[in-house]
Amino acid sequence: MGHREDIIAACKALEADGLNRGASGNVSVRDGDQMLITPSAVGYDVIAPEMIARMSLADDSGAWEGPNKPSSEWRFHRDILRARPDFNAVVHTHAPYATILAIARKPIPAVHYMIAAFGGPDIRVCDYARYGTAELSAHILVAMDGRNGCLMANHGMVVGASDLTRALWLAGELEALAHQYVHTLAIGGPVLLSDAEIEETARGFASYGVQSKDSTE
C-alpha cells in the first residue's frame with residue numbers, strides 16, 4: 001500500500017479501537033519534503049485515497065494539493081514534522097480517557113513502565129490554545145520536547161513516531177495509560193515508579209523483541 005492507503009487504514013483502525021469518532025482527530029505522514037494529511041470534516045466511513053491532502057513542509061501559506069482541504073490541524077502536524085526529523089508520522093486523537101485528563105489538565109505520571117515508550121517519566125499537558133492556531137503548535141512543541149506524545153489541554157492527544165504503525169501503537173498506549181491513571185485516582189491514587197526505574201525500562205526496550213544471534217553475544 002502507498003502512504004494514502006496507509007493513512008486511511010490508520011483512520012479506520014483508530015475508529016475501530018474507539019480512539020476517534022466520526023471526523024475527529026487526524027493523521028499525517030512525511031513524504032520527502034512534503035506531508036500527506038487527512039482532509040477536513042470527512043468521516044472515516046467515506047474517506048478515500050484521493051481525498052488525502054498534500055502539503056509542503058517548508059510552505060507557511062497553508063497551500064495544499066488535492067480536491068479536499070487539509071485538516072484544520074495541519075499546522076501542528078507540519079510543525080511537529082519540521083521540528084522532529086525522527087518522526088515520519090503524527091497521529092492526533094480525541095480518545096476518551098486521554099481527553100478526560102486533558103480537560104482536567106492532569107499530566108500522566110509514571111503509573112506504569114510503558115510510559116518509558118514516550119521518552120521519559122511523564123506525559124505532559126500542553127497549554128491551551130484554539131485548534132488550528134500557531135499558538136497551539138508552539139505549545140505542543142514545548143510539551144513534546146524529549147517526548148513522543150503529549151496531552152492537549154481541553155482537546156485530546158497527539159503522538160509522533162518513526163512510522164505510522166508505531167504512531168498508532170503509541171496512541172493506543174497513551175490511551176491505555178490514561179485509562180489506568182484515571183481509575184487509580186478513583187481508588188486513592190497510584191504508586192509511581194521512580195525516574196531510575198523508568199530509565200531502566202527504557203534501556204530494556206532497546207533490546208526488546210526478536211534479536212539476532214550476533215546481537216546477544
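The values are calculated or read from the model by the stated rules, or taken from the named source; none is laboratory data. Quantities reported herein were computed from a predicted structural model and do not represent experimental measurements. Positions of Cβ are generated from backbone atoms using ideal geometry, with glycine treated the same way; all protein chains shown enter the neighbour counts. Side chains included, ligands, DNA and RNA excluded: accessible areas come from the protein's heavy atoms. Shrake-Rupley method; radii C 1.70, N 1.55, O 1.52, S 1.80 Å.
Does Ala176 meet the test of being touching a strand residue (DSSP E or B) at 6+ places or on another chain (Cβ under 9 Å), modelled with pLDDT of 95 or more and in a helix (DSSP H, G or I)? So Ala176 fails the test. Selection of the range 129-156 for residues being touching a Lys or Arg at 6+ places or on another chain (Cβ under 6 Å) and of a type in the set (A, V, I, L, M) yields Ala143, Ala153. Taking Ser61, is it open to solvent by 30 Å² or more (accessible area, probe 1.4 Å) and of a type in the set (S, T, N, Q)? In short, yes. You will find that of Asp17, Asp31, Asp79, the residue that is without any contact (Cβ under 8 Å) to a residue 40 or more places away in the chain and open to solvent by 10 Å² or more (accessible area, probe 1.4 Å) is Asp31 and no other.
For the range 12-51, residues that are out of contact with any strand residue (DSSP E or B) (no Cβ under 6 Å at 6 or more places or on another chain) and either within 22 Å of Asp86 (Cα to Cα) or among the β-branched types (Val, Ile, Thr) (or both) total 7. For the range 1-118, give me every one of the strands (runs of 3 or more DSSP E) that falls completely inside it and has 3 or more residues that are touching a Gly at 6+ places or on another chain (Cβ under 8 Å). Counting at least 3 such residues, we get 53-56, 89-93.
Only one of the listed residues (Ser72, Ser28) is out of contact with any helix residue (DSSP H, G or I) (no Cβ under 8 Å at 6 or more places or on another chain) and among the polar types (S, T, N, Q). That residue is Ser72.
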